[in-house]
1. Could you list, in their original order, any pairs among A:Lys39/B:Lys43; A:Lys42/B:Lys64; A:Lys42/B:Lys5 whose Cα atoms are separated by more than 22 Å?
2. So between B:Thr115 and B:Lys64, what do we pick up on full extension, going 0.36 nm a residue minus the alpha carbon distance?
3. Cα centroid distance between segment B:43-106 and segment A:1-38, in Å?
4. With just the Cα atoms defining each centre, how far is segment A:64-105 from segment B:18-41? Give it in Å.
5. Report, for chain A, the % of DSSP beta bridges that are antiparallel, rounded to 5.
6. Normalised by the residues of chain B, what does the relative contact order come to in percent, with Cα pairs under 8 Å and at least six apart?
7. In segment A:1-79, which trypsin sites (Lys or Arg not before Pro) fall in coil by DSSP and have 16 or fewer other Cβ atoms within 10 Å?
8. Pairs of alpha-carbon atoms within less than 8 angstrom and 6+ residues apart define the contacts here; what relative contact order does chain A have, in percent?
Amino acid sequence: DIQMTQSPASLSASLGETVTIECRASEDIYNGLAWYQQKPGKSPQLLIYNANSLHTGVPSRFSGSGSGTQYSLKINSLQSEDVASYFCQQYYDYPFTFGSGTKLEIK
Amino acid sequence: QVQLKETGPDLVQLTQTLSITCTVSGFSLTTYNVHWVRQPPGKGLEWMGAMWNGGGTDYNSAFKSRLSISRDTSKSQVFLKMNSLQTDDTAKYFCARLGEDYWYFDFWGPGTMVTVSS
């Protein structure tokens, strides 16, 4: 199975700041990567797919980048509604696997 | 609009069988694929298995032969059945739709929380 190592586990930042979350795959996943946002008690919501494509309706302050085994999610101009957990998911190979998550809080 | 909704028991006894139904609307099960993902309390997400639009299935080997996924296209429902439940099967169970072109999950149900009781 492809292991997804996500960091950091938690993150605290101020409103308006830029934050970056990273995922490292145990092997090349050829941009088969998605990022999800999950608010407490809710289901995950797709943000980014194919490593860098913004899903319909997602604010442009979210962006994804990376290739090979290293990927990142950047959130510009942090807003209060961005408080959530964020997960990466590889879909290059079965079984689909997820990162362990990053909990984002506002300072 | 696209919707998925899981229904199942809140509580299942140790070693018993879990059955959850995912009812979808706004799309056809013969066009889109629906998968199951679970999340233990306070933990990450785990892919369980898939119901493909052609009727085939795939399973995460972590569940060995405990897991079965089936569907009734006439009712727009996908079913998850898992036997020999243990306490570490306590989790929120989600059904999610796979994207049309790539294998990300573009729509999720709200999930149903299942507690395995000893």
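1. A:Lys42/B:Lys64
2. Numbers: separation 51, 0.36 × 51 = 18.36 nm, distance 2.06 nm.
Going from the current span to full extension adds 16.3 nm.
3. With segment B:43-106 and segment A:1-38 each reduced to a Cα centre, they are spaced 24 Å.
4. Taking the Cα centre of each part, segment A:64-105 and segment B:18-41 sit 23 Å apart.
5. Bridges in chain A that DSSP calls antiparallel: roughly 90 percent.
6. Value for chain B: 36 percent.
7. Working: sites: A:Arg24, A:Lys42, A:Arg61, A:Lys74; in loops: A:Lys42, A:Arg61.
When the trypsin sites (Lys or Arg not before Pro) of segment A:1-79 are filtered for loop state and at most 16 Cβ neighbours within 10 Å, A:Lys42, A:Arg61 remain.
8. The normalised contact order for chain A reaches 39 percent.
Readers should treat all values here as calculations from the given coordinates under stated rules, not as data from a laboratory. The structure presented is a predicted model; accordingly, all values stated were derived computationally and were not measured. We place every Cβ from the backbone using ideal geometry, glycine too, and count neighbours over all the protein chains shown.
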